[in-house]
1. Using only the alpha carbons of segment 360-482, determine the length spanned along each of the three principal axes and report them from longest to shortest in whole angstroms.
2. By how many nm would the segment from Ser360 to Thr102 lengthen if fully extended, with 0.36 nm per residue of separation less the alpha-carbon distance?
3. Report the label-to-label distance for Glu437 and Thr405 in nanometres (one decimal), using points 7 Å from each Cα along the Cα→Cβ vector.
4. Under 13 Å from a point 7 Å along the Cα-to-Cβ line of Asn285: which residues of segment 394-437 have their amide N that close?
5. Given H placed 1.01 Å from N in the peptide plane, which residues other than close sequence neighbours of Leu334 have an amide H under 5 Å from its amide H?
6. With the full set of protein chains in place, find how many percent of the accessible area of segment 325-462 is carbon and sulfur; take the probe as 1.4 Å.
7. Compute the angle between helix 339-368 and the longest alpha-carbon principal axis of the chain, please, reported from 0 to 90 degrees and rounded to the nearest 10.
8. Based on the alpha carbons, how large is the Rg to Rh ratio for the chain when Rh follows Kirkwood?
Amino acid sequence: MSAPVISVESLTGRFSDQLLASADSGGCASSSCGSSTRPSDVDPAVWDKIKDHPCFSEEAHHYFARMHVAVAPACNVQCNYCNRKYDCANESRPGVVSEKLTPDQAVRKVIAVANEVPQLSVLGIAGPGDACYDWEKTKATFERVARQIPDIKLCVSTNGLALPDHVDELAEMNVDHVTITINMVDPEVGAKIYPWIFHDHRRYVGSQAARILHERQMLGLEMLSARGILTKINSVMIPGVNDQHLIEVNKWVKQRGAFLHNVMPLISDPAHGTHYGLTGQRGPNAMEMKALQDRLEGGAKLMRHCRQCRADAVGLLGEDRGQEFTLDQIPRELTYDASKRETYRELVADERRDHLAARSEAIGMVKTASSGKSLLVAVATKGGGRVNEHFGHAKEFQVYEASPTGINFVGHRKVEQYCLGGWGENATLDGVIAALEGIDFVLCAKIGNCPKDQLADAGIRATDAYGHDYIETAIGAIYAAESGGPALTATA
Ligand code: CLF
Ligand code: SF4
């Protein structure tokens, strides 16, 4: 196929070097042009729904972005990890106030973002508040957006209490993706998480409240599954409260057709003013999270790439461009222009096919290396599935595990940016190294000798030798070298 004349660099300003090169060459980047990127174990109808959804497909999150609009602030539940003065901790990082919008303001903002962010594929409503309880605003926003931008996916997140009342309307509006936050299936556990709920014009407390919430959550999940709507279950891992119990939650939601289970760490800080924050309830550390996720393997399929986004997040997961699109910066009159998003989709389709082929090759090589080793590799990336971020510019590292089972994404580690204005701060580097506990290798596009040596002192090897390679290709090469075999050649 011929490549569009427009450059991806001008479209995205991000992971574009390789895409741009393929566009400029006028040829297809893929050796398997025309083939599908659908994994063989995914049903075609399901693939159609998830292939551009950054949360429902780990592979898609390298290429596609979501945005949230905070239009539904009322809530019918109190969670001990939430202070509604801030964001909804179901789906967002507490501690940062969101811009609350009317449905009309939200539509303006979605058009502004869709015109400028070519990766945008999903609009979500994810707090603060509950999208199903504050239903009229959710519905008005979705209906107006669907009329103006019919190719954007609509996604909703809820605590589940009011969900059964709106499943039919969600289906009528073609909402294909719903997230329910389910932290317990035992009301006694629930009573430690939810001090009260408001249901059927009444306030309930204690285990009675948790029982009603649990029953409504299960009913809502079953109703969604029966209608073919894909569900993701978010669970907040609260050490000493529900951490072991989440194994039971995973079984229940799997039996009721949940598509994904996303276990997220409790974020608890006294400054957020939440009950847990003020009473010293701690969240889990990265290794505790991983240990629980590993125990859940084999149950409902796990999502491991969640970034606990803000309720007004804009951009690829892990980046937040929300501040570029505050209402005061958006013109009153706007016309939707699909051109950037259409061009991006054409280019990215080729890139994804090429990436898939490279990924399969690397995974095959790791599987046959027969060393029995397991390596944890932290990758600095700006997106596109490539090792393309400088060590000092990274605000997070994506973590992969290479083992005889292949190469699997296992999570991410947030860090403070080490290098600002061309200088690295030693104190910041100490924090980065602490955040990389347990990591064997760091892969990045560039790293200086000073941080490299300090990482080595902490037992972490870092290299920029695979800069701009696909992540799996780079990991495969390292794994092969560690196993004493030949390394894959770089493809960038
Ligand atoms: Fe938003 Fe949630 Fe839809 Fe995604 S986020 S409403 S499903 S479009 Fe995604 Fe963000 Fe995690 Fe949520 S990374 S917090 S899982
Ligand atoms: Fe807060 Fe969301 Fe819980 Fe409501 S459902 S209390 S907004 S975390």
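The values are calculated or read from the model by the stated rules, or taken from the named source; none is laboratory data. Keep in mind that this is a model prediction, so the values were computed, not measured. Counting neighbours? That spans all protein chains shown, and the Cβs are built from the backbone with ideal geometry, glycine included. In case anyone asks, the SASA skips ligands and DNA or RNA and just uses the protein heavy atoms, side chains included. Shrake-Rupley method; radii C 1.70, N 1.55, O 1.52, S 1.80 Å.
1. Its Cα atoms span 43, 28, 23 Å along the three principal axes.
2. Roughly 88.3 nm would be gained on extension.
3. Between Glu437 and Thr405, the label points sit 2.3 nm apart.
4. Only 434-437 pass the distance filter.
5. Long-range HN contacts for Leu334: none found.
6. Carbon with sulfur: 48 percent of the solvent-accessible area.
7. The helix 339-368 is inclined about 70 degrees to the chain.
8. With Rh from the inverse mean 1/r over Cα pairs, Rg/Rh is 0.96.
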